[in-house]
Structure formats: C-alpha cells, structure tokens
C-alpha cells in the first residue's frame, strides 16, 4: 500500500522534461524582454539626424544599454546551457526539484529588470550591485539544483565525476568574478562592467585546468 502511494506521488510530480520546457519558455521571454529595452534614438525638432555620424553619435550615447544587453544575453544563454546539462543527467524527479527550479526561474525572470536598471544607470554602484547579485543568485540556484539531484540520487549512472567537478568549478569561478565586480563597482564604478567580461573566460580556463589534470580524453568523452 505504501509502495503504491509513493508511486502515485512520484507520478503526479512534474517530469524533468516538463521542467525543461517551462525553463525554455521563461528564458525565451526573458531574452525577448531584454531586446525590448533597447531604445531607438528619439528624433525631435531639436535632434535631427541627417548623417551617419550623427546617428552613430546618438547610438553611442546609449552604449551602456547595449553593453548590459550583450552581457545579460550571454549570461542567460550560459545559464540555460548549464541548466539543460544538469537536468538532462537527471532521471528521477521530486517536488523539491521543482521548487529549486522555480527559484532559478525567478532569478532569470527578474534579469530584464536588473539589466534595464544597469543600462539606465551604468555608473551607479547600486545598479551595478543589483545586477551582479541577480547573476550570483542565478548561479547559486544552479548549484542548488545540481546538489539536490546528487542528494536525492536523481542523477543517471552516466554522469561523470569530472563533469560534476567542472560544473562546480565554473559556478564558483563565475561567483568569484561577480563578487569582485561588486567590490570594484563601489571603488571604480566605470570599471565594474569590464570585470564581467571575465565570465566569458571562466569556462575556457576551467577546461584547460581539467585537461591538464585528467587528460584531454576525459574531457572529450564528456563533450567538454
């Protein structure tokens, strides 16, 4: 009787594929909202754009918004890839997994707001901090999803320890970069965004480190 109850309970929980589909939808909406925040230069009786140089000047005024859009787009795409890799290795499901996944979706859903805030106030330490904290929380929730899957023994047998280690190191590396950017934001606000570009280098540095430690073949087998 208890076995039938547990089986029914598991069957009523959303499957991993449904969690992936839901996440895909939220990510697609978040990316769409990001681009909607990019504004076309306003032309009025005072600002008349007649040449390419004038239009370029008007666009350059809003370069902070473009930079925040590129960073946000890249980070959301990176989170989406990592999220899919984590859930693709999960063969079981539980209500706890759904709860943790919703925390991740929350951090993604508010990213258009924090990105737009950064685009409007690119040199404000508070705006820089809010954006960085948003990304840190998203990274922490990904770590939580992975840790929950290990704790509940939901991972498939093909999940490699090397791949798990790689995900953890990349996550911690991104968190360190983002935390450093907060410190820089309050000391040198104009340089904080430059620190974020280091996020792009984190996966490559981690891959090189693991290749030297475990060999290129071990990474190739895991699609790294």
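Among the numbered conditions (1) over 30 Å from residue 154 (Cβ atoms); (2) at pLDDT below 90, the only one that residue 124 does not meet is (2). If you check 113, 131, 104 for being at pLDDT 95 or above and either assigned to a helix (DSSP H, G or I) or in contact with a helix residue (DSSP H, G or I) (Cβ under 8 Å, 6 or more places away or on another chain) (or both), only one passes: 104.
Within region 123-150, residues that are touching a residue at least 60 places away in the same chain (Cβ under 8 Å) sit with their Cβ atoms under 6 Å from residues that are surrounded by fewer than 24 Cβ atoms within 10 Å (Cβ to Cβ) and outside any helix (DSSP H, G or I), at 6+ positions apart or across chains, in these pairs: 149/90; 149/155. Going by what's in this entry, would residue 211 be described as assigned to a helix (DSSP H, G or I), touching a strand residue (DSSP E or B) at 6+ places or on another chain (Cβ under 8 Å) and either at positive phi or modelled with pLDDT under 90 (or both)? No; evaluated as a whole, the condition is false for this residue. Being part of a helix (DSSP H, G or I), at pLDDT 85 or above, over 30 Å from residue 64 (Cβ atoms) and in contact with a helix residue (DSSP H, G or I) (Cβ under 8 Å, 6 or more places away or on another chain) holds for only one residue in 138, 144, and it is 144. Scanning region 56-86 for residues that are in contact with a helix residue (DSSP H, G or I) (Cβ under 7 Å, 6 or more places away or on another chain), over 20 Å from residue 192 (Cβ atoms) and at pLDDT below 90 yields 82, 86. Restricting attention to region 92-113, the residues that are within 29 Å of residue 66 (Cα to Cα), surrounded by fewer than 21 Cβ atoms within 10 Å (Cβ to Cβ) and in contact (Cβ under 8 Å) with a residue 40 or more places away in the chain add up to 3. Based on what the data block shows, is residue 199 part of a helix (DSSP H, G or I), at pLDDT 85 or above and crowded, with 17+ Cβ neighbours inside 10 Å? Yes.
The values are calculated or read from the model by the stated rules, or taken from the named source; none is laboratory data. Worth saying up front: this structure is predicted, and the values here are computed from it rather than measured. All Cβ positions, even for glycine, are placed from backbone atoms using ideal geometry, and neighbour counts span all protein chains on display.
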